[in-house]
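The values are calculated or read from the model by the stated rules, or taken from the named source; none is laboratory data. These numbers come from a predicted model, not from an experiment. Glycine also receives a Cβ, built like all others from the backbone with ideal geometry; neighbour counts cover every protein chain displayed. The area values use the complete protein model at the heavy-atom level, side chains included, leaving out ligands, DNA and RNA. Shrake-Rupley method; radii C 1.70, N 1.55, O 1.52, S 1.80 Å.
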Amino acid sequence: MAKVTAQTFFSEDERQRLKTAVFEAEKRTSGEIVPMVIDASYDYPRAEILGAVLLALATGVTASWAFGGSSVWVFLPIFALAYFPFKLFIRHTPTLKRCLIHPAEIRGEVEEKAIVSFLEQGLHHTRDHTGILILLSLFERRVYVLADRGINARVPLHVWEEIVETVTEGIHQGLACDALCEAITRCAELLEEHFPRRADDHDELPNLILG
């Protein structure tokens, strides 16, 4: 099975549906909604090192015990030879790699990536400070919603958590596009309530970012 990436996560039809959902949502409000899909928030090199050390250690100890009379001179070269192949193996085995990363580290990296992306994409430069980023980070299997201070000051935190839950549940059910469109519509409702569209509003940001 081909590896799913940010570029292949949605079909071309689904991409168009998402762009249309954002376009329709932003016709109702002065806010900006940007869904963004990325391969990973971070590359987690420590997980690769830890996993490679553990697997190479187990391989070296087992081979030394079975064939070398527990000799360190058998263990060391086998450990050294096994380390880099195991490191590459873990790098290309996301399920195993995720098991070597503490959930708190994953949460922190996804949050940091959302903040950096928010700034890089200029969501903090919208006229009324009403940009909303909906980030899907595929490796971590996490969704993060980040809103600028204009809307965030008027919307309770639990509302963003509900939107995250909507998208997460949709992904688990194989309905990621439907769930993300629903989340976009919900964001538009929140924005429309406090920041209705004005005559001179225009689309300031991309309607979908894949990276």
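Side notes on the structure shown:
- Label assignment, log10 I(q)/I(0) by the Debye sum over Cα atoms at q = 0.09, 0.10, 0.12 Å⁻¹ derived from the structure, set (i) -0.39, -0.48, -0.68; (ii) -0.54, -0.67, -0.94; (iii) -0.46, -0.53, -0.67: (iii)
- Charge tally for VAL164 (other residues, Cβ to Cβ under 15 Å; Lys, Arg +1; Asp, Glu -1): -2.
- Per-residue ³J(HN,Hα) for segment 114-122, Karplus 6.51 cos²θ - 1.76 cosθ + 1.60, θ = phi - 60°, Hz, x for Gly and Pro: 4, 5, 4, 5, 4, 6, 4, 8, x
- Take each peptide in 130-142, 5-17, count the other Cβ atoms within 10 Å of every residue, and average; sorted highest first, the result is 130-142, 5-17.
- Local net charge near ARG91, Cβ-Cβ under 10 Å (Lys/Arg +1, Asp/Glu -1): 0
- Within segment 1-153: Cβ-based charge dipole about Cα centre, in debye rounded to nearest 20 (Lys, Arg +1; Asp, Glu -1): 300
- Each Lys or Arg adds one and each Asp or Glu subtracts one; over the other residues with Cβ under 13 Å from the Cβ of ILE38, this totals -3.
- Highest average packing first - 152-163, 74-85, 29-40, Cβ atoms within 10 Å: 29-40, 74-85, 152-163
- Shape of segment 66-144, Cα gyration tensor, a/c cut at 1.5: prolate
- Average Cα contact separation per residue, segment 1-116, under 8 Å, 6 or more apart, as relative contact order %: 26
- Farthest towards the positive end of the charge dipole of segment 29-173, among the residues SER137, LEU119, PRO156, is the Cα of SER137, using unit charges on the Cβ of Lys, Arg, Asp and Glu.
- Expected 222 nm ellipticity per residue - DSSP helices of 4 or more, -39500 (n - 2.57), all of the chain, to 500: -19000 deg cm²/dmol
- Cα gyration tensor category, rounded, prolate or oblate, for segment 147-210 with a/c compared to 1.5: oblate
- Of all accessible heavy-atom area on the chain, the percent that carbon and sulfur account for (1.4 Å): 60
- Prolate/oblate/rounded label for segment 1-59 (Cα gyration tensor, a/c 1.5): oblate
- Charges were assigned to the Cβ only: +1 to each Lys and Arg, -1 to each Asp and Glu. The resulting dipole of segment 1-45 about its Cα centre is roughly 120 debye.
- Reported to the nearest whole Å, the Cα centre-to-centre distance from segment 23-87 to segment 103-140 is 25.
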